[in-house]
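**Q** The structure follows.
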Ligand SMILES: [Zn+2]
């Protein structure tokens, strides 16, 4: 009886809500963001310098002007309630055949010539650009940092954006490249969907057909045969579902009866590109100095306190690489850089939604495996362990590190703390140095006092 009534009331809600959501375009709300709009701009400008040292920018006024004109048309079509006058949009063509495009926080956009090669009309090029502009408009880069706060704390990032004396030029530049290569180029599925939908809306407002963006996903996917990996596809997965979602959104939008498709300019630019030889990436200069010789963990230890969370001791020759209210990363010199740590520990605490340690650990481990740059790691085993004197788990991950070119051994110790949050210690070391590191890790684990 109760179940029956519930069913009816649920049905009524559906009946009321459904037509409204079907008939109107999807409302897009920018995600939570702790950064100021100007900080998006500064972060982007900083990354520009880093990126333009590495990327072969195409120096052809006619082609650049054309891509800029497509970009300007899209910028004018940004819904006014989302438009930010502080942003400084710019559009450059990168002389690389690789299919890729990306935008930096605050507006600078880079479109590889490979995108123009794949596109069969201006709408398809505009679709990729509208999608990237949407990431800028919705401030996804800083929203993502707001959400993660890790592995680089907000304070560190902000310090480097604001250009104070907090960080040396090297680390500042490193952060720029992190923004450029990691955080910015890969967003959560939720953000990607937002950008697909807003991108479709901007396209319609600019006189393009949003279906061209949908088509572009399928075209790019078809290009990926024969062992070729496509950068834009790896940061923009699941093309079939996106195709469907964009097509669906397009039905609610007022699309021009005569949308911009193949234009004489588009054809001329495409032809002209064929006569220009592709360029090459410039090797990143800072990379070699980032990681280097790592000394053994010193026997002497020092104390670290993560306020209201934990106190423990760690080898005196390790440094605090990054810290936030909930997490600290410690590593010896030479063992950290833009690709994370090769030796050291991450200690922290996170909210748990259940009291099931297996489940919470599994979710945490999955997140670690999915994190940018961790795709070399594989799950090995999981077993019971005592962590900080409490019932816990230890999960083993392994894989060949792209930095050290050796097997990396990662152990994730988890337990619930007295606040019922998930407390974790992640240890990282190359397999060949485990003898030395296991002693240090064990000492650290034994010294833990949870608050
Ligand atoms: Zn995207």
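The values are calculated or read from the model by the stated rules, or taken from the named source; none is laboratory data. Since we're looking at a predicted model, the values are computed, not measured. Ideal geometry is used to build each Cβ from the backbone, glycine not excepted, and the neighbour counts take in all protein chains shown.
**Q** With within 15 Å of the ligand (Cβ to nearest atom), without any contact (Cβ under 8 Å) to a residue 40 or more places away in the chain and part of a helix (DSSP H, G or I) as the only criterion, which of 241, 222 stands out?
**A** 241
**Q** Here are the criteria: (1) under 24 Å from the mean Cα position of the chain (by Cα); (2) at pLDDT 90 or above. Tell me which single one residue 385 does not satisfy.
**A** That leaves (1) as the condition not met.
**Q** Which of the residues that make up the range 119-136 are away from the ligand (no atom under 16 Å from the Cβ) and assigned to a helix (DSSP H, G or I)?
**A** 122, 123
**Q** Residues to consider are 92, 97; find the one that is closer than 22 Å to residue 233 by Cα and part of a loop (DSSP other than H, G, I, E, B).
**A** Values: 92 fails: part of a loop (DSSP other than H, G, I, E, B).
It is 97.
**Q** Just one of (1) at pLDDT 95 or above; (2) part of a loop (DSSP other than H, G, I, E, B); (3) over 19 Å from residue 218 (Cβ atoms) trips up residue 83, so point out which.
**A** Condition (1) is where residue 83 drops out.
**Q** From the list 330, 306, pick out the single residue that is surrounded by 20 or more Cβ atoms within 10 Å (Cβ to Cβ) and out of contact with any helix residue (DSSP H, G or I) (no Cβ under 8 Å at 6 or more places or on another chain).
**A** Working: 306 fails: surrounded by 20 or more Cβ atoms within 10 Å (Cβ to Cβ).
It is 330.
**Q** Of all residues being more than 21 Å from residue 278 (Cα to Cα) and away from the ligand (no atom under 15 Å from the Cβ) in the range 90-106, which is modelled with the highest pLDDT? Just the residue, please.
**A** Ranking the qualifying residues of the range 90-106, first place goes to 90.
**Q** Which residue, of 207, 227, is on the phi > 0 side of the Ramachandran plot, at pLDDT 90 or above and assigned by TED's automatic domain parsing to the domain that holds residue 101?
**A** Of the residues listed, the single one that is on the phi > 0 side of the Ramachandran plot, at pLDDT 90 or above and assigned by TED's automatic domain parsing to the domain that holds residue 101 is 207.
**Q** So, one more: From the list 268, 242, exactly one residue is surrounded by 13 or more Cβ atoms within 10 Å (Cβ to Cβ) and under 18 Å from residue 112 (Cα atoms). Which is it?
**A** When all the criteria are applied, what remains is 268.
**Q** Please name all residue pairs, on different chains or six or more residues apart, with Cβ atoms under 9 Å, provided the first residue is in the range 355-373 and is touching a residue at least 40 places away in the same chain (Cβ under 8 Å) and the second residue is buried (at least 16 other Cβ atoms within 10 Å of the Cβ) and in a helix (DSSP H, G or I).
**A** Between residues of the range 355-373 that are touching a residue at least 40 places away in the same chain (Cβ under 8 Å) and residues that are buried (at least 16 other Cβ atoms within 10 Å of the Cβ) and in a helix (DSSP H, G or I), the close pairs are 372/181; 372/182; 372/183; 373/182.
**Q** Can you work out which of the residues in the range 184-209 that are assigned to a loop (DSSP other than H, G, I, E, B) and within 15 Å of the ligand (Cβ to nearest atom) is surrounded by the fewest Cβ atoms within 10 Å (Cβ to Cβ)?
**A** 188
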